[in-house]
Amino acid sequence: MLGFQRAHAIDTHSVNRHVLAQHLRRLLRECCWVAALISVSVWLGEPSCLAQLNSGAVSNRRAFVEIKTEQESEPMPDQVTEPVQDQVEPPASPAPHETIVQSTIEPTNSLLWFLQLAIENHPALDVASADVVVANQEALQASLPPNPQLGVFADEVGNEDSAGLIGVYLQRKIIRGGKLELARRVKSREADVLTQAQRQQLQRIETDVRTEFYRLLVAQRRVELTSQLQQLQSDALDTARTLFNASETPKTDLLQTEVQSGRVELKLQQAKIAATAAWRRLATAVSFPDLPPRSVHGSLNEITQTLSFEETLPNVLAASPQRQEAMAAIDLAKAQLRRQLAQVVPDYQAQFTVGQDTATDDFFTGLQLQVPLMVCDRNQGNIAAARTRIARAESQLSKVELLIARRLTDQFENYDVANAQVEMYDRNLIPKASESLEIVSVGYQQGEVNFLQVLAAQQSLLDLTLEYLTALENLWDARQQIVGLALADPLTN
């Protein structure tokens, strides 16, 4: 071995250093020209690279990627028969986020205004939107072919007192079987899944804002009614004192009136505290917890519309983003299977060489092609795993549908109970209490009933009205959970 190394070692005293320097300078100039020509030819031969790099992904703060409706015409293959062309189109840029109101809406303290604030500023929607944009950018990256490699080689240096064999080579991996396009499709399907997750967040935010808005509306109405009750009780207390001072009523009547007045004052304080808490929850729902308190404007009449479970369930299943996310997951699993099947097609490693033999000044070229032999690893495990993922995704879809139906059943139980209470108060209890107050008032004017009976009738009517508001609030909460596709609380999902 030592003798062999000595036989081929460079004798620095015998090599003409001047000649070697000339060869190296000439080689450097030739390498620069060859590199430039090869680079131009590579770019001209890959127009998709420029097109994809120029397209990019539009990073929109509220980017809502449309669900792709393209259907692969070919059936699910058991094996890849014909490779897909490597020339791919860049993924489409995300479409602008579809908001439910115009961005130029004026502050009116209406439900529409609070919804707009939440959509434009909620961090949960920012997170979901960023996930969609990232997935589309990754789809772009997955479709790009590998870069070619340019290098310089020198061989047999010092042989026959020359620089040996010197030159440049261009090496590139040739992706076959349409793997780049299939990789892009997988990432696009992942973007579809994240898009449905974004829709879920949007629905949660809308449901949260609507629920808190009408809770605040009920709380405001409760403060108004309790303030009216407090004013009536204050007048009644003055009357009781006047009658007691005139010795027309016993002291027990005065004490009962004072106790009742204290109870009403406590109810008013509780109503104001509840209204303040309701405002804080609404401000947090629109991502402005420090928003100054203000009165909201809306109507409570619309929430009494009756819903039917049999009619609502099919509509909820059809429009549920949660179910559509599960369906998108099935498409993703199928795309992953196509990608794993394509891995069976081997990729080539090609190398083109241009050089010069400095001993004879002859130029030479070379071509190498490496082909892996798919003998042991034919991607069997990944293909089997991909088929299992499809079966799992289909089972997950059925699970989600059952989950939606169960949630809807629970919400309809609350809705039916609250709806029955609202109807009882609206059609029976409150009308009877109003009629009783009218009769007692007429009797008091005619001297047939005493003052405490009038006070009790007024108290009964106002208490029933407050209970009616509570039932109306429960009805609205249940209705919003149903209309909101049984999704709520965007901060914990």
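The values are calculated or read from the model by the stated rules, or taken from the named source; none is laboratory data. Keep in mind that what you see is a predicted model, and the values were worked out from it rather than measured. Here the Cβ positions follow ideal geometry from the backbone for every residue, glycine too, while neighbour counts run over all protein chains shown.
Determine whether PHE244 is at pLDDT below 90 and in a helix (DSSP H, G or I). Reasoning before the result, please.
Numbers: at pLDDT below 90: yes; in a helix (DSSP H, G or I): yes.
Criteria met by PHE244.
Just one residue in the set SER441, SER460 is part of a helix (DSSP H, G or I), assigned by TED's automatic domain parsing to the domain that holds LEU254 and surrounded by 16 or more Cβ atoms within 10 Å (Cβ to Cβ); that residue is SER460.
Rundown of residues vs (1) among the small types (Gly, Ala, Ser); (2) surrounded by 12 or more Cβ atoms within 10 Å (Cβ to Cβ); (3) in contact with a strand residue (DSSP E or B) (Cβ under 7 Å, 6 or more places away or on another chain), yes/no style:
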site	(1), (2), (3)
GLY355	yes, yes, yes
LEU373	no, no, no
LEU403	no, yes, no
THR409	no, yes, no
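When each of ARG378, ARG387 is tested for being at pLDDT 90 or above, basic (Lys, Arg) and under 30 Å from GLN322 (Cα atoms), the lone residue that passes is ARG387. Assessment of region 331-339 against the conditions (modelled with pLDDT of 90 or more and either closer than 30 Å to ILE166 by Cβ or in contact with a strand residue (DSSP E or B) (Cβ under 6 Å, 6 or more places away or on another chain) (or both)) yields no matching residue.
Taking the options ARG210, ARG222, name whichever one is more than 33 Å from the chain's Cα centre (by Cα), surrounded by 18 or more Cβ atoms within 10 Å (Cβ to Cβ) and in the same structural domain as ALA328 (by TED's automatic domain parsing).
Details: ARG210 fails: more than 33 Å from the chain's Cα centre (by Cα).
Going through ARG210, ARG222 in turn, just one is more than 33 Å from the chain's Cα centre (by Cα), surrounded by 18 or more Cβ atoms within 10 Å (Cβ to Cβ) and in the same structural domain as ALA328 (by TED's automatic domain parsing): ARG222.
Screening region 280-301 for residues that are modelled with pLDDT of 90 or more and in a helix (DSSP H, G or I) and picking the one that is nearest to GLN231 (Cα to Cα) gives ARG280.
Restricting region 167-196 to residues that are buried (at least 20 other Cβ atoms within 10 Å of the Cβ) and hydrophobic (A, V, I, L, M, F, W, C) leaves a set whose member that is nearest to ARG323 (Cα to Cα) is VAL193.
In this structure, is SER434 among the small types (Gly, Ala, Ser), modelled with pLDDT of 85 or more and assigned by TED's automatic domain parsing to the domain that holds LEU254? Spelling it out, SER434 is indeed among the small types (Gly, Ala, Ser), modelled with pLDDT of 85 or more and assigned by TED's automatic domain parsing to the domain that holds LEU254.
Just for region 332-353: of the residues that are of a type in the set (S, T, N, Q) and not in a strand (DSSP E or B), which one is surrounded by the fewest Cβ atoms within 10 Å (Cβ to Cβ)? Give the steps one after another, and end with the answer.
We begin by selecting, within region 332-353, every residue of a type in the set (S, T, N, Q); these are 336, 340, 343, 349, 351, 353.
Checking the rest, the ones that are also not in a strand (DSSP E or B) come to 336, 340, 343.
Values: GLN336: 23, GLN340: 21, GLN343: 18.
Residue satisfying both the conditions and the ranking: GLN343.
Restricting region 235-263 to residues that are crowded, with 17+ Cβ neighbours inside 10 Å and polar (S, T, N, Q), the residue that is farthest from the chain's Cα centre (by Cα) is THR249.
State all residues of region 243-255 that are free of Cβ contacts under 8 Å to residues at least 12 places away in the same chain and among the β-branched types (Val, Ile, Thr); if no residue qualifies, say none.
THR252
One line per residue, one yes/no per condition, for (1) surrounded by 18 or more Cβ atoms within 10 Å (Cβ to Cβ); (2) outside any helix (DSSP H, G or I):
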| residue | (1), (2) |
| --- | --- |
| GLU265 | no, no |
| ALA278 | yes, no |
| ALA326 | yes, no |
| PHE363 | no, yes |
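Filtering region 146-166 down to residues that are hydrophobic (A, V, I, L, M, F, W, C) and surrounded by 16 or more Cβ atoms within 10 Å (Cβ to Cβ), which residue is nearest to the chain's Cα centre (by Cα)? Checking each candidate, the answer is LEU150.
Starting from region 228-242, keep only residues that are farther than 16 Å from ALA271 by Cα, then list their pairs with residues that are not in a helix (DSSP H, G or I) whose Cβ atoms are within a distance under 8 Å, requiring at least 6 positions of separation or different chains. Listed pairs, sorted by first residue: ALA240/THR249. Can SER295 be described as free of Cβ contacts under 8 Å to residues at least 40 places away in the same chain and either loosely packed, with under 15 Cβ neighbours inside 10 Å or of a type in the set (Asp, Glu) (or both)? Judged against the criteria, SER295 is not a match.
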